[in-house]
Amino acid sequence: MDLDFWWLLIVPVAFALGWMAARYDLKTLLSESANLPRSYFRGLNFLLNEQPDQAIDAFIEVVKLDPETVELHFALGNLFRRRGETDRAIRVHQNLLSRVDLPVTERDHAMYELGQDFLKAGLLDRAEETFRSLEAGDYALGAQRALLTIYGIEKDWVKSIEIARHLETMGADSLAKEIAQFHCELAQEALQQKKPDDARNQLNLALKANPQSVRATILFGDVDAAGGEQQAAITQWQRVEEQNAAYLPLVAEKLMKAYDATGNPQAGADLLTTWVDRYPSNDLLDVAYQHVATLRGPEAAHTLARTQMQKSPNLAGMTRLLEAQQATAEEPRRSELELMRTLLRQRTKNLPRYTCQNCGFRARLFYWQCPGCSGWETYAPRRVEPITASN
Ligand SMILES: [Zn+2]
């Protein structure tokens with residue numbers, strides 16, 4: 001019998017243990033809050049009353065009295081920075097740094113956060129100096145990344161390359177794509193300053209870093225064309241097809257100009273027609289259509305537009321096809337086609353855009369670096385119509 005009922009004792013024993021545990025928790029909580037300085041509660045009160053300045057003063061008082069509240073300051077600092085109140089964030093982090101007894105890890109952390117505050121406030125010199133001071137420790141990698149951002153904003157590509165290489169040695173993911181882009185930026189500057197040898201030198205370095213750099217190949221062609229070597233430029237731009245055919249629309253117009261300059265525009269039109277056939281794209285069709293219409297007449301351009309529309313139907317292709325039909329039509333059909341095309345163009349004129357695959361920023365021009373998120377090569381090299389346009 002005893003054996004059958006002993007387990008009934010478990011319930012009251014468990015209850016008693018639970019009650020004791022709750023009492024213990026309550027006691028601990030009470031003693032902990034008794035240890036918190038009054039300024040902490042004053043600070044909280046100010047914060048709740050939306051008086052952040054007074055709250056900071058109160059919290060600064062807390063940190064003077066109680067070193068354990070360092071985390072509270074990091075939380076506050078980040079909160080202010082995110083709200084765009086960088087001067088307050090700077091004050092919080094500088095206050096932490098002014099403490100002589102702050103452990104090294106906390107000091108590095110505060111320094112890193114202060115650098116981020118300066119960066120957000122646009123004080124690039126001070127941000128750079130702050131991040132430069134973090135060469136070792138847990139925040140060194142983050143600091144180097146921040147320096148890369150700063151040099152990108154300043155368009156200091158030499159320093160960007162140096163930092164990117166350093167980051168790779170620190171174990172960061174490969175930055176070959178970015179390094180090649182930095183060399184391309186330097187090449188572009190050299191090209192603008194009419195220093196073709198410097199430009200070629202940078203482009204060779206770009207291709208060494210990233211043999212797939214389409215931009216380097218395109219720029220090689222630009223350097224050749226600027227030096228009057230049209231045939232060499234054509235050969236470079238043709239290489240884009242092997243590297244990545246998606247980028248061909250970016251060289252189509254340049255290529256036709258070079259063929260024109262060599263006195264052989266028909267060869268250019270042939271090449272563009274082949275490309276449009278192999279890699280259907282509205283952007284390629286736009287260039288090919290204009291040149292085929294000029295060189296071979298409206299019937300040939302019409303055939304080109306019709307074939308493309310059959311392969312890849314879309315609004316831009318439809319506008320182009322109506323234009324082609326209109327060019328060879330008689331009145332009154334010509335006026336009807338004009339009306340249809342005008343209506344369709346009004347509906348589509350602002351639609352096709354390059355779209356950043358990272359942040360979704362849409363742009364009329366193609367960018368190698370997104371103006372929205374500063375990512376490199378985040379734009380697909382083709383303008384796309386948004387899905388809603390087809391409704
Ligand atoms: Zn972006």
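Data table
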quantity: Gap separating the Cα centres of segment 125-163 and segment 237-256, nearest whole Å; calculated: 35 Å
quantity: Rounded accessible area per residue of segment 174-247, 1.4 Å, Å²; calculated: 45 Å²
quantity: Span-like helix ranges in the chain, DSSP H, alpha carbon extent 27 angstrom or more, Kyte mean at least -0.5; calculated: 10-35
quantity: With every protein chain in place, segment 264-349: carbon and sulfur % of accessible area (1.4 Å); calculated: 54 percent
quantity: Computed magnitude of the charge dipole of segment 121-233 (debye, nearest 20; Cβ of K, R +1, Cβ of D, E -1); calculated: 160 debye
quantity: Which listed pairs, of LYS155/LYS254; LYS155/LYS177; LYS177/LYS257; LYS208/LYS257, have C-alpha distances above 24 Å, in listed order; calculated: LYS155/LYS254; LYS177/LYS257; LYS208/LYS257
quantity: Estimated inter-spin distance, ASP87 and GLN266, nm [label 7 Å along Cα→Cβ]; calculated: 7.3 nm
quantity: Cα extents of segment 174-247 along the three principal axes, largest first (Å); calculated: 36, 27, 15
quantity: Carbon + sulfur, % of accessible area of segment 40-156 - ligands and nucleic acids excluded, 1.4 Å; calculated: 50 percent
quantity: Cysteines in the chain that, by Cβ-Cβ distance, have no pairing candidate under 4.7 Å; calculated: CYS184
quantity: Normalised contact order of segment 166-270, rounded percent, pairs of Cα under 8 Å and 6 or more residues apart; calculated: 19 percent
quantity: Unit charges on C-beta of K, R, D, E only; dipole of segment 174-247, Debye; calculated: 120 debye
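The values are calculated or read from the model by the stated rules, or taken from the named source; none is laboratory data. Given the structure is predicted, the values throughout are model-derived calculations rather than measurements. Here Cβ is always computed from backbone atoms with ideal geometry, including for glycine, and neighbour counts include all displayed protein chains. For the accessible areas, the whole protein counts, side chains as well, though only heavy atoms, and no ligand, DNA or RNA atoms are used. Shrake-Rupley method; radii C 1.70, N 1.55, O 1.52, S 1.80 Å.
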